[in-house]
Amino acid sequence: MCFGFSYLEDPMPHFIARFGVVAFIYILAYINQKNSSRFILLIRNLYPLILLSFFYAETGYMKNIIISTDLDAYFSGIDQAIWGFQPSLQFSKTMSQGWFNELMNISYFSYYLITAVVCITLYISKKQLSHKPIFVVVFSFYMYYIVYDILPVTGPQYYFDTMTKEPMPPYFFGKIMRYLLLEYEKPTGAFPSSHVGLALILGYVAYKNHKSLFYSSLPFVIGICFATVYLKAHYAIDVLGALITAPVFVIISCYVYDQLLLLNVAFKQNS
């Protein structure tokens, strides 16, 4: 934001919001140090999840600072070159049945629930052991956000302008997702698909720490991989990008967490 200050529209509220977040973190840590409680610990450990939606929206605000033009023509061209057609457009035409449309919308919607359920379940059931897997999830989110700030791709629903042209889905979850996509989704990062990448990472941390949670979430994780293309939120190449970046981001997140633990131990020993 400092680098692109002159390019951004009304940047000061965004800077103030960040100072507010930093102040909140320090105040919360201070309160926890002076008078720790289970409630304060819960907030302190889970507030990064609450901030995810805010910083995701911010990627739409900052995505053209480094590259001023969205790269959808390039990524849709890759899809065309690989498949000979546009999977994000053809998938929904080929499988246009109402029941399948609803299944895809349920899968896409489950992404939000899986994120909360996996992290909160791990925190409640294995509090001390949950810090690392939750860190891996949150840190991976922010790594995707950094990519979106650098690599502006809005996705086929915006590039092909399909959101307002298609008929309303016939069933409950389809109508919910249509409303959410129209009212709250922003034309921001599409490559790689954070929906697919984080779904895979959530599945991984569930498998490592809570097998029953993994098996119950697995159908939704698989469904998300298809739903992102079906609902035109991502190009097919975005899904392939997620399959590559998810394990890389897990490795990076685990390494950073372990290094932070070592720094924390060293700091306590020196103080």
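What follows is calculated from the coordinates using simple rules that are stated; it is not laboratory data. As the structure is a computational prediction, the values presented were derived from the model and not from experiment. Cβ placement follows ideal geometry from the backbone for every residue including glycine, while neighbour counts extend to all protein chains displayed.
Only lysines eight or more places from Lys268 in sequence, or on another chain, were considered; those with a Cα closer than 19 Å are Lys34.
Under a no-solvent Debye model with one identical scatterer per Cα of the stretch 113-271, what's log10 I(q)/I(0) at q = 0.10, 0.12 Å⁻¹? Normalising to I(0) and taking log10 leaves -0.43, -0.60. Overall, the anisotropy analysis places the chain in the prolate class: the square-rooted eigenvalues a ≥ b ≥ c of its C-alpha gyration tensor yield a/c not less than 1.5, with a/b exceeding b/c. Measuring between their Cα centroids, the stretch 57-83 and the stretch 242-271 lie 30 Å from each other.
Which loop chymotrypsin sites (Phe, Trp or Tyr not before Pro) in the stretch 86-167, with loop taken from DSSP, have no more than 15 other Cβ atoms within 10 angstrom of their Cβ?
Working: sites: Phe91, Trp99, Phe100, Tyr108, Phe109, Tyr111, Tyr112, Tyr123, Phe135, Phe139, Phe141, Tyr142, Tyr144, Tyr145, Tyr148, Tyr158, Tyr159, Phe160; in loops: Phe160.
Here the chymotrypsin sites (Phe, Trp or Tyr not before Pro) that fit, given the DSSP loop and packing criteria, are Phe160.
Here each label is just a point 7 Å from Cα along the line to Cβ, and for Leu46 and Phe19 those points are 3.1 nm apart.
Computed from backbone phi with θ = phi - 60° and the Karplus coefficients 6.51, -1.76 and 1.60, the 3J(HN,Hα) list for the stretch 12-18 is 4, x, 6, 5, 4, 4, 5 Hz; x is used for glycine and proline.
Sorting Ile201, Ile176 by the number of Cβ atoms found within 10 Å of their own Cβ, with the fewest placed first, yields Ile176, Ile201. Computed from point charges on the beta carbon alone (+1 for Lys and Arg, -1 for Asp and Glu), the dipole magnitude for the chain about its Cα centre is near 1180 Debye.
In sequence order, the stretch 215-227 has phi-based couplings of 5, 6, 8, 4, x, 6, 4, 5, x, 4, 4, 8, 5 Hz under the Karplus curve 6.51 cos²θ - 1.76 cosθ + 1.60, θ = phi - 60°, and Gly or Pro positions carry x. Positive end of the dipole of the stretch 33-85 (Cβ unit charges, origin at the Cα centre): among Tyr56, Trp83, Leu42, the Cα lying farthest that way belongs to Leu42.
Ranked by the mean number of other Cβ atoms within 10 Å per residue, highest first, peptides 16-22, 68-74 order as 68-74, 16-22. Residues Cys119, Cys225 in ascending order of nearby Cβ atoms (within 10 Å, fewest first): Cys225, Cys119. Residue by residue, the stretch 54-61 carries 3J(HN,Hα) couplings of 5, 6, 5, 4, 5, 5, x, 6 Hz when phi is fed to the Karplus relation 6.51 cos²θ - 1.76 cosθ + 1.60 (θ = phi - 60°); x denotes Gly or Pro.
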